[in-house]
1. Could you pull the Rg and Dmax for the range 17-113, using just the Cα atoms, both in Å?
2. I'd like to know which of Ser241, Phe209, Trp230 lies farthest towards the positive end of the charge dipole of the range 151-247, counting +1 on Cβ of Lys and Arg and -1 on Cβ of Asp and Glu.
3. Given the C-alpha atoms of the range 317-363, compute the convex hull and give its volume per residue in Å³.
4. For the range 151-247, what is the per residue volume of the convex hull drawn over the alpha-carbon atoms, in cubic angstrom?
5. Setting aside same-chain residues fewer than 8 positions from Lys333, which aspartates and glutamates have a Cα under 15 Å from its Cα?
6. Rounded if a/c is under 1.5, else prolate if a/b is larger than b/c, else oblate: which is the range 41-185, with a ≥ b ≥ c the root eigenvalues of its Cα gyration tensor?
7. Determine how many Å³ per residue the convex hull of the Cα atoms of the chain encloses.
8. Hey, fewest Cβ within 10 Å first, where do Glu275, Glu225 land in order?
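Nothing in this text is a laboratory measurement; each read-out follows from the coordinates by a stated rule. Since the model is a prediction, treat every value here as computed from it, not as a measurement. Neighbour counts are summed over all protein chains in view; Cβ atoms, including those assigned to glycine, are modelled from backbone coordinates with ideal geometry.
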Amino acid sequence: MRRFRSSPTLDAHVALSFLPIFGISLTFFVLLLEMGDLFVNIVQYVQNETPFALIARSMLLYLPRCVSWALPIATLFSVSYTLGGMYANNELIVVFGSGVSLASFVAPLLAISLVLSAGFLAFDDAVVIPSLAEKKALTKSMLKTGEPAGAADVTILGEGRRVVWNVRYFDRKNTMLTGVTLVERDDDGRIASRVNAQSAVWTGTAWRFSGVRRFFWKDGAMTDESLGTWEDPAFAEPPESFRGGGKPIEELRLADAAEHIAFLERAGLPRAAQEAEYYRRFAFALTPLVVTLLSAALVGRYKKNVLLMSLLISLIAATLYYVTQMVTMLLAKNESVSPAAGAFAPIIIFSALVLALFKARPA
């Protein structure tokens, strides 16, 4: 039988059948996540007499994170339910009988999934990360847990692991360090010099230290000197090295995360866990496309109880995906596999499953 490409009318019908269901399912899963976060903290909110306006603002700031978490499972459920409903109503019999292939029929859904995958990473980086940081700060203030402003008590190893930096406080906005202690080591790991400074300001190429007292070896004896200001190109660790401030890599924007990983590489510090989390954000952006292919591969597997079966398949697939991701990420963080392999392994495994399901379909 001759195979025809689907028409624009059919493409529009498939897309318009999918979009309302996707909107409803995304709203449903987002509400579940929002309610879960609210119920976890509601007792503390009541005890602290938190105003409703602050609670509502906290939930609004948490909304982007809920959308990013709900997007893959909402896509899986929506595609599965849309195609399952069409199969149960015998619409697919007419479509396939007219010579339209499954690939052509689901092409509009794949196009939508590609758009979602492309926009997912940008949305996560530009909206989710900043809003989540603001939400956490607001929640801490409402629950009265408190948190020091800025990056406090930062300790890092400089390039080549020769200089240990201990900073009491790093001011990101003004690029300033307060309460600085530097310990320089020689090739044998022994102390070559020590610098104590009240503060330091980044000049663009190096740090200008103020209120300095230096300890260093001179003619075989340890000596010291006090200086009002002091600079040395040897102590020019870029400000990006301090921006993490102990913050988890998944809470940093992609540019900051890349800079932090580059610092770890320069310092010779372990970075497998940070790299795995960095790559995971790219891999997770591909999940809308993968789950769409999975749903397409399952077309015709069930004809009754479409709503229940679609929800069941979505929950089972989501559980298997997240368990697989948890295991592979743990292996990557333990350096049993490479960071990229740990991040992308779930995508590869589910892609292989999709391919097997497509091959197992009757001709």
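1. 19.4, 65
2. Selected residue: Ser241.
3. Convex hull of Cα atoms, per residue: 61 Å³.
4. 93 Å³
5. Candidates past the 8-residue exclusion: Glu250, Glu275, Glu277.
6. Oblate shape, in that a/c is at least 1.5 and b/c is the bigger or equal ratio.
7. That works out to 182 Å³ per residue.
8. Glu225, Glu275
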